[in-house]
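The values are calculated or read from the model by the stated rules, or taken from the named source; none is laboratory data. Because the structure is predicted, anything quoted here is derived from the model rather than measured. All Cβ positions, glycine included, derive from the backbone under ideal geometry; neighbour counts span all protein chains shown.
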Amino acid sequence: MNDLQTNAERSAGGAKALAPTPAPRILIVEDESALSMLLAYNLEAEGFVVDRVERGDEAEMRLAETPPDLVILDWMLPGVSGLEICRRLRAREATRTLPVIMLTARGEESERVRGLSIGADDYVVKPFSVPELMARVRALLRRARPDRVATVLTAGDLELDRQNWRVRRKGRDVHLGPTEFRLLEHLLERPGRVFSRAQLLDSVWGLSAEIDERTVDVHVGRLRKALSEPGERDPIRTVRGAGYSFDETFGKS
Ligand code: CA
């Protein structure tokens, strides 16, 4: 999406108590552009940084230039095949343990065995459900780079568990709707960083959302109400004329 932030900028905003996470970078190598775009859209919505290439030989160059944290690799590609790319990744020291998910078409099942023997970490048979692939991506990243996908984000007395979709404050359950949950998660990933309403609509609601910016205010209002009991400090900061941020001093003063 229109997120031009670099990894460095993302991590610069992160307080120590929170996830030490620059967003994991994912390379999609897939020549069916509709599928590739669909995956990119869904991965970006979950906060990943996504690169896409359509040819095997391009993938080789991209892998050398910008090493990703995980590769989604189609089997049949123009240029160099996914299988060959995987073999080469495993042969090089720098990429020996790079997580790879292979995409295969139905009917290539016997080939899958070859894919796994050549070192793919996982494989998914087309057509697959997008949530299923997302789950595999998260699982593989957690296994391979646990530091890159923090399951629980915390700040002061507030705790957000991404895996169980649970939020607690001072140990009590905070009940949030899905939009409020994603909103809090997004703000909490980069404490101190101010997001405009348009940016929040883009990242939390998604590109296709044609929603009035005041909707953001409504959901921020609900989030605030759910998070704080009377007398408790509000962790969300309104920045006049700019937008909203998670107060980076929350829990520290
Ligand atoms: Ca293909």
Just to be sure, is Ser203 surrounded by fewer than 18 Cβ atoms within 10 Å (Cβ to Cβ) and not charged (D, E, K, R)? no
Among the residues of segment 215-238, are any under 25 Å from Val49 (Cβ atoms) and of a type in the set (Ser, Thr, Tyr)? no
Listed by first then second residue, the pairs whose first member lies in segment 126-138 and is assigned by TED's automatic domain parsing to the domain that holds Thr104 and under 12 Å from Ile101 (Cα atoms), whose partner is of a type in the set (S, T, N, Q) and surrounded by 16 or more Cβ atoms within 10 Å (Cβ to Cβ), with beta carbons under 8 Å and at least 6 positions apart or on separate chains, are Met134/Asn42
Between residues in segment 68-79 that are in the same structural domain as Glu30 (by TED's automatic domain parsing) and residues that are of a type in the set (Phe, Trp, Tyr) and more than 7 Å from the ligand (Cβ to nearest atom), which pairs lie under 9 Å by C-beta distance while being six or more apart or on different chains? Asp69/Phe48; Leu70/Phe48; Trp75/Tyr123
Hey, could you check segment 45-82 for residues that are crowded, with 20+ Cβ neighbours inside 10 Å and either acidic (Asp, Glu) or part of a helix (DSSP H, G or I) (or both) and say which is farthest from the ligand (Cβ to nearest atom)? Asp69
In segment 83-95, what residues are more than 17 Å from Leu141 (Cβ to Cβ) and either buried (at least 17 other Cβ atoms within 10 Å of the Cβ) or more than 16 Å from the ligand (Cβ to nearest atom) (or both)? Leu83, Ile85, Cys86, Arg87, Arg88, Arg90, Ala91, Arg92, Glu93, Ala94
Scanning segment 213-253 for residues that are closer than 14 Å to Val167 by Cβ, within 25 Å of the chain's Cα centre (by Cα) and exposed (fewer than 14 other Cβ atoms within 10 Å of the Cβ) gives none
